[in-house]
Amino acid sequence: MCNMTFEETSGENSSERMESVPKALEEVLSSALPQGCITVGVYEAAKSLNADPDNVVLCLLATDDEEDVALQIHFTLIQAFCCENDINILRVSNMRRLAEILGGMKSGGEPIDLHCVLVTNPQSSLWKDPALSKVTRFCRESRCLDQWVPVINLPDR
């Protein structure tokens with residue numbers, strides 16, 4: 001059910017929200033990382049989604065290259081799964097910044113696949129985190145506007 005006023009869906013409030021959501025997303029990732037609530041990689045994310053979709057609170061799809069057809073097919077399947085299981089999903093641009101937020105995670109010297117990042121249900125207080133609430137509200141409002149996979153641009157620092 002989408003009960004939003006005109007002021008909530010347009011104007012300054014909308015642009016203000018667009019600036020604050022990337023910051024909130026950074027906060028969510030920064031607080032989820034030390035708790036072990038981050039799953040990275042398309043394959044690892046698919047396994048996690050299949051094993052326990054109720055444990056996933058947010059799915060991020062990130063790419064700076066829209067030409068990779070295989071990746072777009074994976075994204076389409078993950079998006080469909082997330083929509084069917086009521087998992088909030090965001091498209092994130094600026095993979096370099098995403099890698100910085102996640103600490104430049106490396107595995108054996110190789111860059112980790114950050115094309116898909118899941119935030120899972122933490123055991124502590126992340127559920128009550130205002131940043132997660134802000135991101136969740138943004139996703140819900142975007143769905144009300146028929147933007148099922150809204151795009152967030154992570155600003156450089």
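The values are calculated or read from the model by the stated rules, or taken from the named source; none is laboratory data. What you are looking at is a predicted structure, and each value in this text was computed from that prediction instead of being measured. In this analysis, Cβ positions are derived from the backbone assuming ideal geometry, glycine residues included, and neighbour counts consider all displayed protein chains. Surface areas here come from the heavy atoms of the whole protein model, side chains and all, with no ligands, DNA or RNA. Shrake-Rupley method; radii C 1.70, N 1.55, O 1.52, S 1.80 Å.
Out of everything in the range 76-95 that is in contact (Cβ under 8 Å) with a residue 40 or more places away in the chain and not small (Gly, Ala, Ser), what residue ends up being most open to solvent (accessible area, probe 1.4 Å)? Show your work before the answer.
Let us first name the residues in the range 76-95 that are in contact (Cβ under 8 Å) with a residue 40 or more places away in the chain, namely 79, 83, 88-94.
Next, from what is left, pick out any that are not small (Gly, Ala, Ser): 79, 83, 88-92, 94.
On the way: 79: 41, 83: 62, 88: 18, 89: 5, 90: 0, 91: 37, 92: 3, 94: 26 Å².
The extreme case among them is 83.
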* To do: Collect the residues in the range 66-75 that are open to solvent by 80 Å² or more (accessible area, probe 1.4 Å), more than 19 Å from residue 154 (Cβ to Cβ) and not in a helix (DSSP H, G or I), keeping them in residue-number order.
  => 67
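If you go through the range 103-130, how many residues are over 12 Å from the mean Cα position of the chain (by Cα) and either assigned to a helix (DSSP H, G or I) or modelled with pLDDT of 90 or more (or both)?
Pass one, the range 103-130, residues over 12 Å from the mean Cα position of the chain (by Cα): 103-113, 121-130.
Checking the rest, the ones that are also either assigned to a helix (DSSP H, G or I) or modelled with pLDDT of 90 or more (or both) come to 125-128, 130.
Counting residues in the range 103-130 that are over 12 Å from the mean Cα position of the chain (by Cα) and either assigned to a helix (DSSP H, G or I) or modelled with pLDDT of 90 or more (or both) gives 5.
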* Quick one: is residue 33 within 18 Å of residue 103 (Cα to Cα), among the aliphatic types (A, V, I, L, M), under 11 Å from the mean Cα position of the chain (by Cα) and at pLDDT below 95? -> no
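Yes or no, residue by residue, for (1) of a type in the set (Phe, Trp, Tyr); (2) without any contact (Cβ under 8 Å) to a residue 40 or more places away in the chain; (3) assigned to a helix (DSSP H, G or I):
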{"position": "21", "(1), (2), (3)": "no, no, yes"}
{"position": "27", "(1), (2), (3)": "no, no, yes"}
{"position": "31", "(1), (2), (3)": "no, no, yes"}
{"position": "34", "(1), (2), (3)": "no, yes, no"}
{"position": "39", "(1), (2), (3)": "no, no, no"}
{"position": "48", "(1), (2), (3)": "no, no, yes"}
{"position": "58", "(1), (2), (3)": "no, no, no"}
{"position": "61", "(1), (2), (3)": "no, no, no"}
{"position": "64", "(1), (2), (3)": "no, yes, no"}
